[in-house]
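Some notes on the structure that comes next.
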Amino acid sequence: MSSAECNYKIYDKELLIIIWAFEHWRFKLKLTDISIKMFIDHQALISLMKDKELSRRQMRWVQKLADFNFKIMYRSDKQNIKIDALTRRADFVPRDLDDERIWYQRTTILTLNWMKIADLKKNNDQSIYKQVLETNEIDENCTLLREAIARDETQYEDIKLKNCRTQNEILYHDSQLWVSFNELLQMNLIREIHDQSSIDHSEILRTVKIIKRNYYWSSMRKTIDQYIWNCYVCQRSKTSRDKSNDLLQSLSISEQRWQNIVMNFIIDLSDSYNYNVILTVICKLLKERHYIFCITDDEDITIEKTAEMLLQWVYQTQNLSSFIVFNWDSQFIFILWKFLCKRLSISL
Ligand SMILES: [Zn+2]
């Protein structure tokens, strides 16, 4: 992805993947009469071709897609585990700060929110407490609040003054020092506390609790939330909720014919002599193959039938394989092995 593409919103990023896929397989996809099904885990894209409010870029893309006969179908994350395993490989994860993808990620986070972390510079000459105190004294809004308290008002605009008090012209909320409505000051205060080594980028609740010991401003929780959502260190160290994926393992090289085999069902074919499914069984070493016409409309693909077909068409002439690659779930393979062993009187 280019740096500009890294900054696309998630809807556009997902859409971009579709465009790339169609561009990559353009010649094959244009020639087919069959409606192409595209499975995606971003539900909002299902109504893409019917959306009336599209940006210029999206309209350009939709025009490109109009050449194809396709349907976008939603598939939830849970059902999409195999695709995730391919796209979230451990070796795709950025290793260090020099990785340009880290920089693009940072750009994305900052442009999506209003916070200007780059403006927050450490000011060693003045403690943050002193800065808050000085601003409290001279800030216009704090002055207005002090005047409202002096008039015994219980509310000033949307701020409840019940727990507010003044002491030596300093505004407090209970025993906490009032922080003025100065965005940069609030950010500096949060940074000073959240980033210090003893706190070490604590999660939101702990940071709020620590700040609340001494400071207060209205909607402080919202400000702290936003700071931590934008905190680069917190974002990087956030625990991933994705299933951890191991590196893809390459298959061992076969030493004998038919030792490792690859199986697959080609389904939804047009009827031919009442058959519409082909089981392909390929020897990994020599690429010899069996095509077994197997299932009709009235039958289901069962594990027992698959085992019988292997015994009848493959293992009658070949030795039993030691490794089967099959794109069905691991449970299918496990039970298939059990059937095969049982039929061949092999005890496990
Ligand atoms: Zn942090």
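Of everything listed in (1) at pLDDT below 80; (2) under 30 Å from Cys164 (Cβ atoms), the single unmet condition for Ser244 is (2). Quick one: is Lys222 more than 23 Å from Gln131 (Cα to Cα) and basic (Lys, Arg)? When the stated conditions are applied, Lys222 does not pass them. Applying the criterion of being exposed (fewer than 14 other Cβ atoms within 10 Å of the Cβ) and within 13 Å of the ligand (Cβ to nearest atom) to the residues of segment 187-198, the residue that is nearest to Leu161 (Cα to Cα) is Gln196. For Asp67, the conditions (1) part of a loop (DSSP other than H, G, I, E, B); (2) modelled with pLDDT of 65 or more; (3) within 30 Å of Leu248 (Cβ to Cβ) are fulfilled apart from (3). For segment 184-206, a tally of residues being closer than 23 Å to Glu157 by Cβ and in contact (Cβ under 8 Å) with a residue 40 or more places away in the chain returns 4. In the condition set (1) away from the ligand (no atom under 13 Å from the Cβ); (2) farther than 22 Å from Thr154 by Cβ; (3) among the polar types (S, T, N, Q), Gln226 is compliant with all but (1). For segment 247-277, a tally of residues being at pLDDT 85 or above, out of contact with any helix residue (DSSP H, G or I) (no Cβ under 9 Å at 6 or more places or on another chain) and among the hydrophobic types (A, V, I, L, M, F, W, C) returns 3. Scanning segment 309-330 finds one or more residues that are modelled with pLDDT of 85 or more, exposed (fewer than 14 other Cβ atoms within 10 Å of the Cβ) and assigned to a helix (DSSP H, G or I).
Only one of Lys160, Lys209 is outside the structural domain of Asp77 (by TED's automatic domain parsing), basic (Lys, Arg), without any contact (Cβ under 8 Å) to a residue 40 or more places away in the chain and within 16 Å of the ligand (Cβ to nearest atom); which? Result of the check over Lys160, Lys209: Lys209. The residue that is farthest from the ligand (Cβ to nearest atom), among those in segment 212-223 that are over 14 Å from Asn188 (Cβ atoms) and touching a residue at least 60 places away in the same chain (Cβ under 8 Å), is Ser218.
In segment 305-321, the residues that are over 11 Å from Arg343 (Cβ atoms) form Cβ pairs under 8 Å with partners that are at pLDDT 85 or above and assigned to a helix (DSSP H, G or I), at six or more places apart or across chains, as follows: Thr306/Leu336. Of the residues making up segment 24-47, those that are assigned to a helix (DSSP H, G or I) and under 30 Å from Ser270 (Cβ atoms) are His24, Arg26, Phe27, Lys28, Leu29, Lys30, Leu31, Ile46.
The values are calculated or read from the model by the stated rules, or taken from the named source; none is laboratory data. Computed from a prediction, not measured in an experiment: that's the story for all the values here. As a convention, Cβ positions derive from the backbone with ideal geometry for all residues, glycine included, and neighbour counts pool all protein chains shown.
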